[in-house]
Amino acid sequence: MVQEEILQEELSVAKKKSAKPMLWISMISMVMFFAGLTSAYVISMKRDDWVSFDLPQAFYVSTFFIVASSITLFLSQKFLKNDKRQLSLILLLVTFLLGIGFIWQQYVGFNQLKSVGLFFTGPESTVSTSFIIGITFMHVLHLLAGVLVLLVVIYNHFKNKYKPNDMLGFELGAIFWHFVDILWIYLFFFFYFIR
């Protein structure tokens, strides 16, 4: 019985030690994926049929939402470390709502592009709009994964699974969320300056 408990403890420690490196490896692969997409965008700009256009206003709003969500998540984590669970939970829920707001504004942005005749596919589509919508959509998929991670973190927060000295799940969720935030800021400025 004692040996089983020791073995379980050792397995738990091993999982904790490998969790962050595995997350970092997956994020590096995502960086490489988006680097490839943005590189293809730059190369395609040399085409004769390239069309430049302004970013939709909704992308500016969504950028505000995602930056604000990183701030609220950072504060939530800080309050949890100080054992202020109620404030932490409120900020965690605000982070979730800001994430949903980001996704909604991305959808509004896609519709704003359509309203000015810029389509992702079909005879009216252009290479540039296909790229911006495709890349942005791939980011939204990653953000949806982040929203699911937030739901797990919120659930675990309700179940009191996080303690000031044991917050691994929260920390992993926060690292991924901040990564997706930074990735969007990179994409936003990339599209803003390179058209």
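The values are calculated or read from the model by the stated rules, or taken from the named source; none is laboratory data. Quick caveat: nothing in here was measured; it's all calculated off a predicted structure. We place every Cβ from the backbone using ideal geometry, glycine too, and count neighbours over all the protein chains shown.
A few comments on the model shown:
- Residues (free of Cβ contacts under 8 Å to residues at least 24 places away in the same chain and surrounded by fewer than 17 Cβ atoms within 10 Å (Cβ to Cβ)) located in the range 61-103: Phe64, Ile71, Lys78, Lys84, Gln86, Leu87, Ile90, Leu97
- All of (1) over 24 Å from Lys78 (Cβ atoms); (2) touching a helix residue (DSSP H, G or I) at 6+ places or on another chain (Cβ under 7 Å); (3) among the hydroxyl-bearing types (Ser, Thr, Tyr) hold for Ser130 with one exception: (2).
- Counting the residues of the range 115-148 that are assigned to a loop (DSSP other than H, G, I, E, B), loosely packed, with under 15 Cβ neighbours inside 10 Å and either in contact with a Cys (Cβ under 8 Å, 6 or more places away or on another chain) or aliphatic (A, V, I, L, M) (or both) gives 1.
- Flag for Lys20 being more than 15 Å from the chain's Cα centre (by Cα), modelled with pLDDT of 95 or more, farther than 22 Å from Phe189 by Cα and among the charged types (D, E, K, R): no
- Residues located in the range 128-169, provided they are farther than 30 Å from Phe193 by Cα, within 11 Å of the chain's Cα centre (by Cα) and in contact (Cβ under 8 Å) with a residue 12 or more places away in the chain: Val149, Leu150
- Index of the failed condition, Val51 passing every other in (1) closer than 17 Å to Tyr192 by Cβ; (2) buried (at least 16 other Cβ atoms within 10 Å of the Cβ): (2)
- Flag if Trp184 is surrounded by 15 or more Cβ atoms within 10 Å (Cβ to Cβ), touching a Gly at 6+ places or on another chain (Cβ under 6 Å) and hydrophobic (A, V, I, L, M, F, W, C): no
- Test: residue in the range 54-71 that is acidic (Asp, Glu) and under 22 Å from Gln112 (Cβ atoms): yes
To keep it simple, each residue is scored yes or no on (1) at pLDDT 95 or above; (2) touching a His at 6+ places or on another chain (Cβ under 8 Å); (3) hydroxyl-bearing (Ser, Thr, Tyr).
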{"residue": "Ala35", "(1), (2), (3)": "no, no, no"}
{"residue": "Thr38", "(1), (2), (3)": "no, no, yes"}
{"residue": "Met45", "(1), (2), (3)": "no, no, no"}
{"residue": "Ser52", "(1), (2), (3)": "no, no, yes"}
{"residue": "Val61", "(1), (2), (3)": "yes, no, no"}
{"residue": "Phe64", "(1), (2), (3)": "yes, no, no"}
{"residue": "Thr72", "(1), (2), (3)": "yes, no, yes"}
